[in-house]
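The values are calculated or read from the model by the stated rules, or taken from the named source; none is laboratory data. Worth saying up front: this structure is predicted, and the values here are computed from it rather than measured. Cβ placement follows ideal geometry from the backbone for every residue including glycine, while neighbour counts extend to all protein chains displayed. Please note that ligands, DNA and RNA were not included when accessible areas were found on the heavy atoms of the full protein model with its side chains. Shrake-Rupley method; radii C 1.70, N 1.55, O 1.52, S 1.80 Å.
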Amino acid sequence: MHPLYNCLLFIITLAGGTVPLFVKWLDDRRMHYLLAFSGSFLLSVTFLHLLPETFEELNMAAGIYLLIGFFLQLLIQRITHGMEHGHTHIHPTDHEHHIALLPVLVGLSVHAFMDGLPLGFHYRMGSTEPSLYLAIAIHKLPEAMLIASLVSSVKGRKQAFITLLLFSAITPVAGMLAQFAGERYYAMSKAVSVLIPIVAGAFIHIATTIFFESGTKQHMLTWQKMAAMLAGVGMALLTLSFE
C-alpha cells in the first residue's frame, strides 16, 4: 500500500496548497480552526499509534528520543519562524524579510523530510500505517497553504506553484527512501526505528504549540477552536477501527 499512500499524500498536499492561490475566503480565522483540527488529530494519532509502537520497540530508551525530537523541533522552529504550526512572524510585504524566504523553505523542507521517515517503517499494528499517513496529510495542508501564500506574495503565483510541487514531494520521497534503506540494510532499519520517536517528539511539540500559541491574539481557547480540537480527537479515535 506504500505507493498508493505516497501518491495520495502528494496529491492532498499539492491540491490543498493551491487553495490560497485561487480562492480568497481562506482567512486567518478559518486557518486557525484548520490548524487546531490538524494539530489535535496529529497529537492523538501520535499518542494512540506511534507511542505504543515505539515504546514496544525501544522500551524506555524511546523516552530519550522523544525528548530529542521535541527540542530538535524547537531549533527547527527558529529557522522556519513557526510556519509548520501556523505561527509565523514573517511579513512578505517588508522588503528586508525577503532574504529570510530561503532559510524558511529549507527549514520546512527538513521538517517535511523528518515527517516522511516514519512512513517507511513496518508497524506491528495494522492501523498505525494508514492512521499515520492520514495524520501527516492533514498536517501538511496548512503548511502547504502557508508556503503557497508566502511564496506567491514574494515571488508570484507561478513560483509558488513550483515550490509547492517540490515541497509536496519531500515527505513521500522521505518515506520511500526510509522504506528502501530499511528493507536492504539492517543498520538503516535500526536507525529508522530510532527516528520514529524523534519525529513523534517533534509532532508533540508542533501540536502543543498550535494549542497554546495559534489562534486568537490573546491565545484564548474559544469554543470554535475547542470544537475543532475535539473533532480531531474524535477522528483519531476512529482510526483505531482500521485494525
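Shape class of region 108-243 from the Cα gyration tensor (axes a ≥ b ≥ c, square roots of the eigenvalues): oblate, since a/c reaches 1.5 or more and a/b does not exceed b/c. Sorting 212, 180 by accessible area puts them as 212, 180; the probe is 1.4 Å, largest comes first, and only protein heavy atoms count.
Using the Cα gyration tensor of region 31-83, with a ≥ b ≥ c the square roots of its eigenvalues, what is the shape: rounded (a/c below 1.5), prolate (a/b larger than b/c) or oblate (neither)?
Numbers: a/c = 4.82, a/b = 1.37, b/c = 3.53.
Oblate is the answer for region 31-83, as a/c is 1.5 or above yet b/c matches or exceeds a/b.
Taking all protein chains into account, the per residue accessible area for the chain stands at 48 Å² (1.4 Å probe). Sequentially through region 127-139, phi angles give Karplus couplings (6.51, -1.76, 1.60; θ = phi - 60°) of 7, 5, 4, x, 5, 5, 4, 5, 5, 5, 4, 5, 5 Hz, Gly and Pro residues having no value and appearing as x. A cut-off under 15 angstrom between Cβ atoms defines the neighbours of residue 58, and their net charge, with Lys, Arg +1 and Asp, Glu -1, is -1.
For a quick check of your reading of the filter: which trypsin sites (Lys or Arg not before Pro) in region 142-243 sit in a DSSP loop and have no more than 15 other Cβ atoms within 10 Å? Present the calculation step by step, with values, prior to reporting the outcome.
Numbers: sites: 155, 157, 158, 184, 190, 217, 225; in loops: 217.
Here the trypsin sites (Lys or Arg not before Pro) that fit, given the DSSP loop and packing criteria, are 217.
Ignoring ligands, DNA and RNA, how do 22, 41, 211, 10 rank by accessible area with a 1.4 Å probe, largest first?
22, 10, 211, 41
Label-to-label distance for residue 231 and residue 7 is 2.9 nm, based on points extended 7 Å past Cα in the beta-carbon direction.
Here residue 72 sits with roughly 70 square angstrom of accessible surface, probe radius 1.4 Å.
In the chain, helices alone account for a calculated mean residue ellipticity at 222 nm of -25500 deg cm²/dmol, with every DSSP H run of four or more residues adding -39,500 (n - 2.57). Ordered by 1.4 Å accessible area with all protein chains kept, 68, 206 run largest first as 68, 206.
Could you compute the FRET efficiency for residue 28 and residue 55, with r as their C-beta to C-beta distance and R0 at 30 Å, rounded to 0.05? It would help to have the intermediate numbers written out before the result.
On the way: r = 38 Å, r/R0 = 1.26.
For R0 = 30 Å, the calculated efficiency reads 0.20.
What percent do you get for the relative contact order of region 136-243 when only Cα pairs under 8 Å and 6+ apart count? Don't skip to the end; give the middle numbers.
Details: 30 pairs, mean separation 10.8, N = 108.
Relative CO of region 136-243 lands at 10 percent.
Dividing the mean sequence gap of close Cα pairs (under 8 Å, 6+ apart) by how many residues the chain holds gives a relative contact order of 41 percent. Within the accessible surface of the chain, defined with a 1.4 Å probe on protein heavy atoms only, the carbon and sulfur portion equals 71 percent.
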